[in-house]
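What follows is a set of notes on a single structure, which appears directly below.
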Amino acid sequence: MRSATVLASGLLTVANAYTQPQANPTWGAITLPELTHPLTRGEDFKITWDPDFGGTVRPVDGLTVSLVLCRGNSNTCALDPGAIVEGVPAGQKEYTWHVPCDLPAGEQLTATGYGMLIIVDGSGEFQYSTQFSVLVGSTCPA
C-alpha cells in the first residue's frame, strides 16, 4: 500500500512540474492568442510573447518559459495541472501548439473561458494572456 501512495504522489509531482506562478504578474505579455485571434481545435496555433512589453527590458539569455492553459473567466481562472509546454527558450518568443480536439469549444469573438499564462521557469515570474475563444475544428472527429 505504501508503494502505491509513493507512486501516486510521484505522478502528481510529474503532472504539475511547471514552476508555480508568483502572487502578481510581473513579466512580458503573451501577444497571441487573444480575443480576435481564436484557437481552433485540431489545428496548429502560434503562441507569441514579448518579454519587453510595456517598455521594461527583460534579459532572456538562459531563461526558459512554460505555457499553461487557464480555464474560466479572468476572475475564476483555474490553471491546468500540466503545462502546454515547458522549457521553451524565452528569447524564442513563440511556440506552435497543436490544439487538442478534446478542448471544449466556445464562440468566436467572445471571452468563452480560456486564458494562458507564460511562466518563467525557476523564478515564477508570469503574465496572463487576454481571454480567447477555442473554436470547433473540421479536422477533429465529430
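The values are calculated or read from the model by the stated rules, or taken from the named source; none is laboratory data. From a predicted model like this one, the values you see are computed outputs, not experimental measurements. Cβ placement follows ideal geometry from the backbone for every residue including glycine, while neighbour counts extend to all protein chains displayed.
Scanning the range 67-102 for residues that are within 15 Å of S133 (Cα to Cα) and at pLDDT below 90, which turns out surrounded by the most Cβ atoms within 10 Å (Cβ to Cβ)?
C77
Looking at (1) buried (at least 16 other Cβ atoms within 10 Å of the Cβ); (2) under 14 Å from P25 (Cβ atoms); (3) under 16 Å from the mean Cα position of the chain (by Cα), which is the only condition R58 fails?
Only one criterion is unmet by R58, namely (3).
Quick one: V65 ticks every box in (1) touching a Lys or Arg at 6+ places or on another chain (Cβ under 8 Å); (2) under 18 Å from G115 (Cβ atoms) except a single one, so which number is it?
Failing condition for V65: (1).
Does the range 18-26 include one or more residues that are surrounded by fewer than 13 Cβ atoms within 10 Å (Cβ to Cβ), farther than 14 Å from S129 by Cβ and modelled with pLDDT of 95 or more?
no
Of T56, T40, T26, which residue is more than 25 Å from S123 (Cα to Cα) and hydroxyl-bearing (S, T, Y)?
T40
Considering only residues that are in contact (Cβ under 8 Å) with a residue 12 or more places away in the chain and out of contact with any Asp or Glu (no Cβ under 8 Å at 6 or more places or on another chain), look in the range 90-101 and name the one that is nearest to V57 (Cα to Cα).
Checking each candidate, the answer is A90.
Among all residue pairs at least 6 apart or on different chains, which show Cβ distances below 7 Å where the first residue, located in the range 61-77, is more than 19 Å from P104 (Cα to Cα) and the second is aromatic (F, W, Y) and crowded, with 20+ Cβ neighbours inside 10 Å?
Cβ pairs passing all conditions: S66/Y18.
Test each condition in (1) over 12 Å from the mean Cα position of the chain (by Cα); (2) free of Cβ contacts under 8 Å to residues at least 60 places away in the same chain for G115 and report the one that comes out false.
G115 satisfies every listed condition except (1).
Out of the range 115-142, which residues are under 21 Å from A17 (Cα atoms), touching a Lys or Arg at 6+ places or on another chain (Cβ under 9 Å) and either modelled with pLDDT under 90 or assigned to a loop (DSSP other than H, G, I, E, B) (or both)?
Result: E125, single match.
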